[in-house]
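Read the figures in this text as sums done on the coordinates, not as results from a lab. Bear in mind that the values here come from a model prediction, so they are computed numbers and not experimental data.
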């Protein structure tokens, strides 16, 4: 079956799905995106992603293209047409199409693109059971990483660096030697004292929706949490290291830059939180 995309009001095959050459997403990375996990054909954390989408659009002064209810119908229909039971659905909203000029154009409708694809959950479970490798490199991104913009070149370079070094994820490190987040994830440790730690969102990091959901689960589970940064050395000396995202849920990292984390196996906290997240996300998906 050929994949089907939604582009500005029309469902098209991938081969026919195009935007104008002067779409500002293509010309300037002038747009935002969101990714929802799909559980049994339903959207996980719908409201959380929608809230973040509206915040990102408002921060960039891009008009909200349609109501949340209308957008959900588009997302659901794209999932249905692609027969996705488990996977992701991707939404991109750009400022629209206009003659190339750095300043905002006037009276231009936003461009909206939606795609969906299947992801085999067994592959993610196998990796989570084994544990993945991580690497580090300096964080060279711009100063507004709290906005989920499509301007991801620095993230792409970091992810490519991870792949070239045989790793799953690259943790980004600021000028003080502290981990900000992953190239496409939020980063967490269980430190040497057994306390969960993750960087607070006052820093230049993305306000992860999966991160937010996990904070709720951590509170419900009665686990101790400290929202403050950790260094690369602290990560390497931690009992556990893991990353979170809508497409990876909770993924244990069992090494960092070649240094074994803990006993080199996924730890009990990450394993417990992954199971709790998956159960809750599946239960609450709509």
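The angle between the Cα long axis of helix 121-130 and the main principal axis of the chain comes to about 20°, on a 0 to 90 degree scale.
Need one number: the % of Cα-Cα pairs in the chain sitting beyond the 27 Å mark. Write out the running numbers ahead of the final one.
On the way: 17061 of 40755 pairs.
When all Cα pairs of the chain are counted, 42 percent exceed 27 Å.
Within the listed set 187, 116, 70, the residue fluctuating most in the Gaussian network model of the chain (springs between alpha-carbon atoms under 10 angstrom) is 70. Taking the C-alpha atoms only, the angle from helix 68-81 to the longest principal axis of the chain is near 80 degrees. Relative to the longest principal axis of the Cα atoms of the chain, the long axis of helix 268-284 makes an angle of roughly 30 degrees. In the chain, helices alone account for a calculated mean residue ellipticity at 222 nm of -9500 deg cm²/dmol, with every DSSP H run of four or more residues adding -39,500 (n - 2.57).
Of interest is the spacing of the C-alpha centroids, which for segment 169-245 and segment 1-68 amounts to 28 Å.
What full-extension length gain, to one decimal in nm, is calculated for residue 284 and residue 118 as 0.36 nm per residue of separation minus the Cα-Cα distance?
Values: separation 166, 0.36 × 166 = 59.76 nm, distance 1.97 nm.
Between residue 284 and residue 118, full extension yields 57.8 nm more.
Antiparallel DSSP bridges in segment 124-284: what percent, to the nearest 5? Given both bridge residues lie in segment 124-284, the antiparallel proportion sits at roughly 65 percent.
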